[in-house]
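**Q** A single structure is presented below for examination.
Derivation of every value follows stated rules applied to the coordinates shown; laboratory data play no part. Every value quoted in this text rests on a predicted model; they were computed, and no experiment measured them. Here Cβ is always computed from backbone atoms with ideal geometry, including for glycine, and neighbour counts include all displayed protein chains.
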Amino acid sequence: MRYGNTEEGVFLRRPNRFEAYVKIGGAETLTHVKNTGRCRELLVPGARVVLNRSEDPGRKTAYDLVAVYKKGLGLVNIDSQSPNRAVGEWLKSGSSRFGKLDFLKPEYAYGSSRIDFYFEKGSERMLLEVKGCTLEKKGVGYFPDAPTERGARHVRELAASLKEGFRPYLAFVIAMPKVREVLPNEETDPAFARAYEKALEAGVKVLFLRCHIRKDCLEIKSWEEKE
């Protein structure tokens, strides 16, 4: 997926989950943060950030903060909408882990959740839930960076789908360079970690989707299935 109009700035502060002040061209500017997670290790004063300028003249903020440079790591995409968009393009391309699909439907209602993608190939019915990973510690990715009851529920729904004949997958989109795998962040969200382990035991498959990251795009370049 690509952005239309990107610029760089310097992060100053984040008064709430949805907004941040960024210095753009010497001016302090209020921007929209496209990630409600903590991002504490990324959004630090003085960090270089990437912004996408909106074409909507009626918006409160003219810019979306979509990526940040992390020292020793590189450019990290923090746009919470980009992982799903990138996976959607990957699935439609026919060059994904699953090859050419017969049917694809996003936002599939299952149980008490909406699973990100349902698709069919031959007689197989598959579910795929997408999680974007932006938290890195010593070269390893961790999810989530803040407690997420919704995330644990999604994983439990995937495990339950096995009894109805689905093939369920949990895909971690690694929106940063150098990181090859993602582990559950048990310290931050033990409930998600427990749901994750039970889902693996039940037979849910986990994919690590590594990305090509630039200021103007996020694209899946390779994948690996957790053994």
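**Q** Could you tell me the distance between the Cα centroids of segment 43-82 and segment 103-151, to the nearest Å?
**A** Here the two parts' Cα centres lie 23 Å apart.
**Q** Once R0 is set to 22 Å, what does the formula 1/(1 + (r/R0)^6) return for the Cβ-Cβ distance between Glu187 and Val44, expressed as a FRET efficiency to the nearest 0.05? Let's see the in-between values first.
**A** On the way: r = 20 Å, r/R0 = 0.92.
Rounded to the nearest 0.05, the efficiency is 0.65.
**Q** Translational diffusion coefficient, Stokes-Einstein: compute it for segment 82-225 using the Kirkwood radius over C-alpha pairs as Rh, at 37 °C and 0.692 mPa s, and state it as an integer in µm² s⁻¹. Show your work: numbers first, answer last.
**A** Working: Rh = 15.3 Å.
Translational D for this selection: 214 µm²/s.
**Q** Just to be sure I understand the model, the point goes 7 Å from the Cα along the line to the Cβ. What's the resulting Trp223 to Tyr69 distance in nm?
**A** 3.3
**Q** Of the cross-linked pairs Lys137/Lys198; Lys71/Lys198; Lys34/Lys121; Lys178/Lys198, which ones have a Cα-Cα span greater than 26 Å in the structure shown?
**A** Numbers: Lys137/Lys198 24 Å; Lys71/Lys198 35 Å; Lys34/Lys121 33 Å; Lys178/Lys198 28 Å.
With Cα atoms farther than 26 Å apart: Lys71/Lys198; Lys34/Lys121; Lys178/Lys198.
**Q** I would also like to ask the following. Within straight cross-link reach of Lys205, meaning Cα distance under 16 Å, which lysines are found once same-chain residues fewer than 8 apart are removed?
**A** Counting by Cα, and skipping residues close in sequence, Lys205 has these lysines nearby: Lys131, Lys163, Lys226.
**Q** Would you mind putting 135-148, 163-176 in packing order, based on average other-beta-carbon counts within 10 Å, highest first? Let's see the in-between values first.
**A** Values: 135-148: 17.4, 163-176: 20.6.
Averaged packing, sorted descending, gives the order 163-176, 135-148.
**Q** Relative to the first principal axis of the alpha-carbon coordinates of the chain, what is the inclination of helix 190-202, with its axis defined by its Cα atoms, in degrees from 0 to 90 and to the nearest 10?
**A** The angle comes out at about 30 degrees.
**Q** At a Förster radius of 30 Å, what calculated FRET efficiency corresponds to the Cβ-Cβ distance of His212 and Ser54, to the nearest 0.05?
**A** Working: r = 24 Å, r/R0 = 0.80.
That gives a FRET efficiency of 0.80.
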